[in-house]
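Enquirer: Just dropping this structure here.
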Amino acid sequence: MSFDRLSSLEAQPSVSRSEDPQYSDDPEFDRLTESLSNKLFGLTSSITRLSDQIALLGTRRDTERVRERVHNLLEQARGGFKEVGEGIKKVQTWQDVNPSQKWTQQKLSSEFKATLEEFQTVQRRALEKQRASAVAARAAVEEGELPSAEVGTEQQQQIQQLEQQPRLANQDEVDFQESLIIEREAEIRNIEQSVGELNELFRDVAHIVHEQGGQLDIISENVERVTTDTRGANVELRGASRHQKNARNKACCLLVILAVILLIIVLAATLG
């Protein structure tokens, strides 16, 4: 429903809550919407902290501690958005809402979509950095394991014998790096799955909002149609009232004429 139409509906004369039951207080609706609003505010703060941590990925300040914080913030935000999304669905399908509650529905859905879009952007940035980091780490490990093609076979054997002990010691580091790469690749898959799930949640909420908007359009059209019909009926009533008034005036005139005629007849008979 357009904002102009909504404004026109809200501009209609209001009815006091004591006179109209549809304006009665709904504590459950108020508690739910207030809780969702507070959670959205918390998610906005989490997104800011998450963005700051993601900016450190791929820099000299990139550490396992930073990656752990990024992972935890992502998990918390995902859970929060899923919870708020279910609440938004419930709010959008609330029955018998008054104009004030409809405004709250629209406000919450707009805030939810804007915050979710911001989080999805941050998630995609984290995904890009995780992919770049995993590719670089994989390339570094593979390059460290490959023998040089420019070294002869005999020299290569001698080098292998000399470096056998250090390489055995470095194998633990290689295994550790491999485990880190596997963890990063798992995190990449997790982020990709989260982006898809939240996109689906976004579409669900948008679909419900669209349906509710269509219903509000129908209600608005019905209100306008009733208003038009009422005006037409009012015009007809006024016309009927004028016809009745004219008919009464004509009847009065006829009665006066008849009375005058009867008076003349009576006078003529009496004088005669």
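The values are calculated or read from the model by the stated rules, or taken from the named source; none is laboratory data. These numbers were taken from a predicted model, which means no experiment stands behind them. In this analysis, Cβ positions are derived from the backbone assuming ideal geometry, glycine residues included, and neighbour counts consider all displayed protein chains. The area values use the complete protein model at the heavy-atom level, side chains included, leaving out ligands, DNA and RNA. Shrake-Rupley method; radii C 1.70, N 1.55, O 1.52, S 1.80 Å.
Enquirer: Around G42, what is the net charge, scoring Lys/Arg as +1 and Asp/Glu as -1 over all other residues with Cβ under 15 Å from its Cβ? Present the calculation step by step, with values, prior to reporting the outcome.
Expert: Numbers: positive: K39, R49, R78, K82; negative: E34, E75, E83, E111, E118.
Net charge around G42: -1.
Enquirer: Something else about it: Separation between the V66 and K113 pseudo-spin-labels, each 7 Å from Cα along Cα→Cβ, expressed in nm?
Expert: About 3.5 nm, to one decimal.
Enquirer: List the lysines whose Cα lies under 23 Å from the Cα of K82, skipping any in the same chain that are fewer than 8 positions away.
Expert: Excluding near neighbours in sequence, the set is K39, K90, K102, K107, K113.
Enquirer: In whole Hz, with x marking every Gly and Pro, tabulate ³J(HN,Hα) for the range 255-268 from phi via Karplus 6.51 cos²θ - 1.76 cosθ + 1.60, θ = phi - 60°.
Expert: Values per residue, Gly and Pro as x: 4, 5, 5, 4, 5, 5, 4, 4, 5, 5, 5, 5, 5, 5 Hz.
Enquirer: Okay, moving on. Taking the mean number of other Cβ atoms within 10 Å as a proxy for protection, how do you rank 80-90, 177-187 from highest to lowest?
Expert: Working: 80-90: 18.5, 177-187: 14.5.
The packing order, highest mean first, is 80-90, 177-187.
Enquirer: Here's something else I'd like to know. Could you derive backbone 3J(HN,Hα) for the range 123-133 from the dihedral phi with the Karplus parameters 6.51, -1.76 and 1.60 (θ = phi - 60°), listing whole Hz in sequence and x where the residue is Gly or Pro?
Expert: Taking θ as phi minus 60°, the curve returns 4, 5, 5, 5, 5, 4, 5, 5, 5, 4, 5 Hz for the range 123-133.
Enquirer: Per residue, what accessible area does the range 40-116 have, given a 1.4 Å probe and all protein chains present, in Å²? Write out the running numbers ahead of the final one.
Expert: Details: 3930 Å² over 77 residues.
It amounts to 51 Å² per residue over the range 40-116.
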